[in-house]
Protein chains: 2
Amino acid sequence: MFKRSPSLTEQVKSHLKQRIINAEFDGGRMPPEMELARELKVSRNTVRDALGRLETEGVILRRQGAGTFINQVGQLVKNRLEEIIPYEALIRESGYVPTVRLLSAQQKQVPAEVTTHLHLSPDEELLIVQKLFLADDKPVILTLTYIPPDIIKQPYTQDDCRLPVYEFIPQFCRQEFAYYLSEIVPLIATSWLAERLDLPEEGGALLTFEETGYNQDNQPIVRACSHFRHDLLRLRLIRRLAR
Amino acid sequence: MFKRSPSLTEQVKSHLKQRIINAEFDGGRMPPEMELARELKVSRNTVRDALGRLETEGVILRRQGAGTFINQVGQLVKNRLEEIIPYEALIRESGYVPTVRLLSAQQKQVPAEVTTHLHLSPDEELLIVQKLFLADDKPVILTLTYIPPDIIKQPYTQDDCRLPVYEFIPQFCRQEFAYYLSEIVPLIATSWLAERLDLPEEGGALLTFEETGYNQDNQPIVRACSHFRHDLLRLRLIRRLAR
DNA sequence: CAGTGGTCTAGACCACGGG
DNA sequence: CCGTGGTCTAGACCACTGG
């Protein structure tokens, strides 16, 4: 029934999630793990891994001795914060039609704050990519991406800059993207930001992700700032007690 | 070597974390999983579970075919966002000495926004607990907790209110705390907030967690708002590509 | 007490990295 | 090529829930 790639666990997860969305389970209760395992022809461990991921996403609740239940409340969670997902997907999950607009992509000097995070000298020029994401044609996310030009090994077009950085890197830089170290920062909207994000006025609060991207050798290779209009896009998550 | 509770996985995790902190592994490289399993007298799966948790915490990096490595960068991450930890611990991890100050605990009417989240009628009076957390005697977190008084089944003192809600609930309400549904919100500091958090002026940006707590029957039982001074306390996390 | 999820084991095979 | 981490299996036992 399932192929070998992507991982069985991942396929089982998607499969179950789809059945939950389709409301195929009566009374908000899911079948026992053993039954799912038999049915899907995988081991119970694989089912449990898949259920575990659905649980951290807030889709289900599990209670020892009682069973596994579908969590309506968790539907409000649109993204797993510790997982990088394309902003288009986030916007779509939130119920809007996403579009991307490339505002600019040019090589320039940057604030020292940026070069510091990338372990570069302050006068180094970087490629700055500005992108605006729209939800139903309303601006919701503005991203600034800083890439050292000398890591780019293949020719690229302006259009390639529309790719998420973590896809651009492996395609054009002959190295792998490993992870972001991200900081969540609240910001007062400057007039520059307010204009681009179509805010009613400057001085409002914005949610910002300030992220440094590392490659598989654990060297910083990219810096990114994402500004969210939290009135249109809510960042929610499920938090549990430590085990 | 290990007991049965807390879980083997959790004990192995703590054990390895301590050895990492003590810099017991040369060259930033950890022994192979098989070797750790033999050494600690547990199965490789258990070791892998423990390493998996350390990886999401940012403590280590694993590369298929290459090995497991200690991640200096990850030291900047002080907390796992999807895990509830006491604010004192967060402050301590960030390098300060934590203290808690109970500002007030009284029954009052609350904004409709609060009663809505708890599925109560707007005129219901709730117990409001205000707490201030200090790092090296500087205010860093202000929390407001709203508890419906009728769920409290045991007598309690003012001092009991200093407990985190998720500990107060099981102790005084004869029910279990299951999880928070949290929303991350950027806020403009009001003068009321600025005064209590000792901010230089009102109008600065604050990071806020707006959370609804659910019990094991998946009913909302508590509402909490936490305001962070992000200049002193940074919220950082590791983000990876989806599998 | 029967049935559920929670934990742990031993073993197998695969995919990838580096010499 | 060998050794590493990544995935999956089958089976065992425990802890808890609910009738």
Checklist entry - Given springs between every Cα pair under 10 Å in a Gaussian network model of chain A, which of A:ALA66, A:ALA205, A:ALA105 has the largest fluctuation? => result A:ALA66
Checklist entry - Across peptide B:175-185, how many C-beta atoms of other chains are within 10 Å of each residue C-beta, on average? => result 6
Checklist entry - Which value at 222 nm does chain A reach when only helices count, each DSSP H run of 4 or more adding -39,500 (n - 2.57), with the total divided by all residues and rounded to the nearest 500 deg cm²/dmol? => result -7000 deg cm²/dmol
Item to check | Nearby lysines by direct alpha-carbon distance to A:LYS131 (threshold 26 angstrom, same-chain neighbours under 8 apart not counted) | outcome: A:LYS78, A:LYS108, A:LYS153
Checklist outcome for this item: Other residues with Cβ under 11 Å from the Cβ of A:THR115 give, with Lys and Arg +1 and Asp and Glu -1, a net charge of -3
Checklist entry - Using alpha carbon centroids, what distance separates segment B:195-238 and segment A:5-44, in Å? => result 36
Checklist entry - Looking at the axis that maps chain B onto chain A, which chain B residue has the closest Cβ, and how far off is it in Å, rounded to a whole number? => result B:PRO186, 2
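About the Cα centre, and with charges only on the beta carbon of Lys, Arg (+1) and Asp, Glu (-1), how big is the dipole of segment B:87-228? Nearest 20 debye, please. Working shown, then result.
Working: 10 positive and 21 negative charges, 52 e Å.
For this selection, approximately 240 debye.
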Item to check | Cα gyration tensor shape of segment A:76-124, rounded if a/c is under 1.5, else prolate or oblate by comparing a/b with b/c | outcome: oblate
Next on the checklist: Cut-off 10 angstrom, C-alpha nodes, Gaussian network model of chain A. Which of A:PRO200, A:PRO86, A:PRO220 fluctuates the most?
Outcome noted: A:PRO200
Item to check | Teacher prompt: B:ARG174 distances to equivalent labels in other copies, 7 Å Cα→Cβ, nm | outcome: 7.1
Next on the checklist: What does the extension gain come out to for A:THR116 and A:ARG63, with contour length at 0.36 nm per residue minus their alpha carbon separation?
Outcome noted: 14.4 nm
Checklist entry - Points 7 angstrom from Cα along the Cβ direction at B:THR157 and A:PHE25: gap in nanometres? => result 4.5
Next on the checklist: As I understand it, the value is the acute angle between the Cα axis of helix B:44-56 and the longest principal axis of the Cα atoms of chain B; what does it come to in degrees, rounded to 10?
Outcome noted: 50
Checklist entry - Quick one: which of A:186-193, A:124-131 comes out on top by average Cβ neighbours within 10 Å, and what's the full order, highest first? => result A:124-131, A:186-193
Item to check | Net length gained if the chain between B:LYS108 and B:ARG243 were fully extended (0.36 nm per residue, minus Cα distance) | outcome: 43.8 nm
Checklist outcome for this item: If one builds a Gaussian network model of chain B from Cα atoms under 10 Å apart, the most fluctuating residue listed among B:ALA89, B:ALA135, B:ALA23 is B:ALA23
Checklist entry - What is the average number of partner chain Cβ atoms found within 10 Å of a Cβ in B:206-217? => result 2
Item to check | Segment A:GLU35-A:GLU195, extension gain: residue separation times 0.36 nm, minus the distance between their alpha carbons | outcome: 52.1 nm
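Just so you know, all these numbers are worked out from the coordinates, no wet-lab data involved. All values reported here derive from a predicted model rather than from experimental measurement. Note that each Cβ is placed from the backbone with ideal geometry, even for glycine, and that neighbours are counted across all protein chains shown.
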